[in-house]
Every structure is written in structure tokens, then in C-alpha cells.
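Visitor: Can you keep this structure in mind? I'll have questions shortly.
Just so you know, all these numbers are worked out from the coordinates, no wet-lab data involved. If you're wondering where the values come from, they're calculated on a predicted model, not measured in any experiment. FYI the Cβ positions are ideal-geometry reconstructions off the backbone, even for glycines, and counts take in every protein chain you see.
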Amino acid sequence: MRNIFLSFFTILLMSSCLIAQDSYLNAKAEDSLKVYQNNDFYEVQYFEEPDTKQKPKNVIVFIGDGMGVSHVFASLTANKGELYLKNFKHIGFQTTASATNYITDSAAAGTALSTGTKTYDAAVGVNTDTIALENIRVKLEEKGLATGVVSTSAITHATPAAFVAHQPYRYMYEAIAADFLKTNIDLFIGGGYDHFTKREDGRNLVDELKDKGYQIVTKTKDLDKVKSGKLAALVANEHTPTVLDGRGNMLETATETAIRVLSNDNDGFFVMIEASQIDWGGHANSTPYIVSETLDLDKAVGKALAFAAQNKETLIIVTADHETGGMAVTGGNLQTGKVEAQYVWGNHTALMVPVFAFGPGADKFTGIYDNTDIPKKILELIEQ
């Protein structure tokens, strides 16, 4: 682990002004926010699962950042006992510790999920010696698949960055944005416009993306217009708003857009779709925040399920990078959609997190295993 600590202190000084973007880490919920009464119910459709013994052509990985079993069950309660996640019959658990800590951060966990290698907390796409690691997205791209990344945070944030960038410190947002220009990624949708345009080095990466043939979209409502080609959608200056603050159906629309655009590739596609702000609700110990964001993820999963059930060649994986908050469901009502929770603290925990799988290859994701096994399992399925 040479030079890590020296690099940390140097980068910390360089990047301290950027950490304000993650002010949610210090958010605290009032006692009234331990209870959530849902009033926005939705019907869930059930789909016939394709043959799980077949080889997948496409892979869709959803990451609910900070989403543990309690977050899922609270959301199930809030929607009167129904979630699209109930379509998933193959369920397992993954352990999440980083190379340096029993309790991981999102960057190390994202790197484990993208590369199959554990690293130190705050590392993005590099190992414990800060050497770049090839990730599952690139490996599948080399096999001819179209690839993409979607997030409700800035696209430069830890989890999406782990599938694209290689930086020693997660808060190096401008360097992470520049790493997007070094890839052949077909599509990315999220926030973070300012990291591509308002930069200390004076570069306008949006113009550079245009020169590389990307269509640029800055409003969620314009995503429906994109049918094919390379797409860089930066729909917020930093992070997108919360569901409770009016984000609307951004994640559903982004999911449908990613599937529509990437499925034009006859060789198949891989996309990672992150619901970032479940984690932030956990940091705030806010039941309404957690549940509304988890339900938002579930609706996006529903869009993927509709495609996969018809396509029959698509593996869907829904998991998390870690659990946040130590959430315990302490009360609720399945008839009214009311749920109450208490929390251990306002940070990540070491708990195992669930893995839901649907479609060809889904049977490979049952049991208990490490987060580093997930990209390895995906690659083995594609290569079989």
C-alpha cells in the first residue's frame, strides 16, 4: 500500500472544497421523520421469468446505495405489500468489507462490485497501491457489448465513478469527469454538469464530448427523444433532487432510455443503474427519504423487468454497496402503507446486503458470497 497515506493527505488538501457536495453525510432527521405514511401507491406487475440456465446477452445491474433488507421491507410495507422486487425468485447475500475496513465506504464497495478486487476506502477503480483496475464494464465492452452508467447522484460520485474512472480519491470530481473522455462508454445519465464545465483547468468537457460524437442532454424530459447513438445526459448541476423534492420519474425514464439506446447493439449491452439517495436517507435517519427513494428504485426495476420478460436474454441483478443507518422496522401497517423505523446511527454498517437476480444466469446469485464475486459471476456467464 505504498504512498497511500501520503497521497491521501495531499489529495485531501486539494479536494477539501469539493466535499461540501456531500453535506448529506451530516444530515440529521427529526423524530417526526422516523415515520412515513405513503400516499402514492402503485400497482406491481408480475412477469414470467426466462430460463435461468441460459446464457445472458444483456446485463442490467441496479445498485441501491445503502439499501439493506430493512430498507426493502419498509418499502414493501409502504406500498401495501407489493414491490417489483417480488418478481425475483433467486436471492442471495453479499458481504461488503473493504480492504482496509470492516465497514466499507461507497467508493471501495463500488470498486469491488465493478472490478472484483477489494481496495481501500475512498479509492475509485484502483487497487491498494493506487494502480488502475480494469472493470467489468470495460471487459464486456472489449467483448463487443454496448455499455452505460446511470445515477441519481452526480455521475462523478463514488459508485458510478467506480465503473468508469481510476482515481486515488473519490472527491477528485473534476479528474473523474475527465476520465469519462478516456473511455468508449456509450451512455451515461446523471447529474454533475458543473464537473464537466466549471473546472479549474478551464476545459469544457461537454464540448469535448460533442467532438467525440456524444449527444448532450441536460433535461430529463428530453431523454425520450434519444433513440440511438452515444449519449451524455447531465441533467443536474450537481445531484438530482430527491423524490420528495420533485425529481419525478427521472430514474424510470433514464432506465428506459438506457435500455432503448443500448439494446440497438446486436452483441448485447451492460448497464449499471444506481439509486444513490437511499444511502443519503440512511445517513439522515429519515424513513420518508429512505422509503421514497427505494420505491423509486423499485419502479425503475419494473421497467427493466418488462423489457427482460419480453427479451428473454437479459439478466437483471439488484443489490447494494452496503447498508446505511442500521435501520430497524419497528412498526407499520400493510393495509395503509404506514411504516416506522429506528436507527443505530447515521453511517454505514457492516451488514450483509441482499442480491436479487432475474433471468438467464439468475441461479448463480443465490447463497452468501463476497461483493467481489458479483462481477466475476457476470463475466463467467457472458463467457460461457
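Visitor: Could you grab the relative contact order for the chain? Cα pairs under 8 Å, six or more apart, rounded to a whole percent.
Guide: Over the chain, the number comes to 32 percent.
Visitor: Put +1 on the Cβ of each Lys and Arg and -1 on the Cβ of each Asp and Glu in the chain; which of H157, I63, N333 then has its Cα farthest toward the positive end of the dipole?
Guide: With unit charges placed on the Cβ atoms, the residue in question is I63.
Visitor: List the equivalent ellipsoid semi-axes of segment 51-185 in whole Å, largest first, each obtained as the square root of 5λ for an eigenvalue λ of the Cα gyration tensor.
Guide: 27, 19, 15
Visitor: Right, here's the next one. How big is D, in µm² s⁻¹, for segment 146-210 by Stokes-Einstein at 25 °C and 0.890 mPa s if Rh is the Kirkwood radius over C-alpha pairs?
Guide: The Stokes-Einstein estimate is 210 µm²/s.
Visitor: Shifting gears a bit: Mind listing the long-range amide H neighbours of E274? Cut-off is under 5 Å, sequence gap 5 or more, other chains count too, H placed in the peptide plane at 1.01 Å from N.
Guide: So E274 has HN proximity to I63, V150, S151, T152.
Visitor: Using per-residue counts of other Cβ atoms within 10 Å, averaged over each peptide, order 317-324, 299-306, 220-227 from highest down.
Guide: 317-324, 299-306, 220-227
Visitor: Using the alpha-carbon centroid of each, what span in Å lies between segment 341-384 and segment 139-179?
Guide: With segment 341-384 and segment 139-179 each reduced to a Cα centre, they are spaced 20 Å.
Visitor: Skipping prolines and chain starts, which residues have an amide H placed within reach, meaning under 5 Å, of the one on N237, given they are 5 or more residues away or on another chain?
Guide: G192, Y193
Visitor: Classify segment 163-274: rounded, prolate or oblate, from the alpha-carbon gyration tensor (a ≥ b ≥ c, eigenvalue square roots; a/c under 1.5 rounded; otherwise prolate if a/b is larger than b/c)?
Guide: oblate
Visitor: So, one more: Quick one: which of 272-278, 253-259 comes out on top by average Cβ neighbours within 10 Å, and what's the full order, highest first?
Guide: Answer by packing, highest mean first, reads 272-278, 253-259.
Visitor: Apply the Kirkwood formula to segment 117-164: the hydrodynamic radius equals the inverse of the mean of 1/r over all pairs of different alpha-carbon atoms; give it in Å with one decimal.
Guide: Its Kirkwood hydrodynamic radius stands at 11.6 Å.
Visitor: How would I155, I176 line up from fewest to most surrounding beta-carbon atoms within 10 angstrom?
Guide: I176, I155
Visitor: Among K212/K364; K86/K364; K227/K299; K57/K230; K57/K198, which pairs are too far apart, with a Cα-Cα distance over 27 Å?
Guide: K212/K364; K57/K198
Visitor: Hey, another quick one. Just tell me, in residue order, which DSSP H segments of the chain are both 27 angstrom or longer along the helix axis (alpha-carbon based) and at least 0.0 in mean Kyte-Doolittle hydropathy.
Guide: Those that clear 27 Å and a mean of 0.0 are 287-311.
Visitor: Sort 97-105, 74-82 by the packing proxy (mean of other Cβ within 10 Å over each peptide's residues), most packed first.
Guide: Output ranking for 97-105, 74-82: 74-82, 97-105.
Visitor: I would also like to ask the following. Spelling out what I want: for every residue of segment 204-211, take phi, set θ = phi - 60°, compute 6.51 cos²θ - 1.76 cosθ + 1.60 (Karplus), and round to whole Hz; glycine and proline get x.
Guide: Karplus values, whole Hz, x for Gly and Pro: 10, 6, 5, 4, 5, 5, 4, 5.
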